[in-house]
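The values are calculated or read from the model by the stated rules, or taken from the named source; none is laboratory data. Small disclaimer: the values here were computed from a predicted structure and weren't measured. Glycine also receives a Cβ, built like all others from the backbone with ideal geometry; neighbour counts cover every protein chain displayed. Quick note on the areas: whole protein, heavy atoms, side chains included, nothing else; ligands and nucleic acids left out. Shrake-Rupley method; radii C 1.70, N 1.55, O 1.52, S 1.80 Å.
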Amino acid sequence: MATDAPTKQKLWGGRFTGKTDPLMHAFNQSLSYDKRMHDADIRGSIAYTKSLCLVGLLTKEEEEKMIDGLQRVGKEWKDGVFEVKEDDEDIHTANERRLSELIGPLGGKLHTGRSRNDQVATDMRLWLLDQVGEIEHALKSVIGVIAARADQEKHILMPGYTHLQ
């Protein structure tokens, strides 16, 4: 992933001059890990877009255009056709970059009044809630198998030993 040419200026690099060294970019990127949160990031961004419209920072037309663009980005992830670019540092920059490619400069308004920390915390919470649901479903399946097996084997007697004595 690293090349000899420095990468473009990062969102977090406002106080720095010059471009990010490719080695630092490779060290700092997290997209390979957090791309699994693409759906949570899209859902959080759609909710935030609606709030921007609600407080008058987006027009209804801008809101609809942004939501449509975010849904298109989400569909690309779901269909496995989302194209990751070398400068995509994390799921947030990747989705925002693609949104701006699809709807133009309006995509930049998605960050209005929204800190990266807020975005990360929201995405992580949404993703974890989804994971808890999946784990709950898997545990119910395991418990069901154990209960069915116990019911099938209830006629078999086993001696009980304390501490395997």
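Each residue was assigned an accessible area with a 1.4 Å probe, and for residue 103 the value is about 10 Å². Heavy-atom accessible area, probed at 1.4 angstrom with all protein chains present, ranks 111, 137 as 137, 111, highest first. Between the listed residues 124, 99, 155, the Cα displaced farthest toward the positive end of the dipole of segment 83-159, a dipole computed from Cβ unit charges relative to the Cα centre, is found at 155. Distance from the C-alpha centroid of segment 89-161 to that of segment 54-76: 24 Å, rounded to the whole angstrom.
Here segment 65-149 has an Rg and Dmax of 17.7, 59 Å, counting Cα atoms alone.
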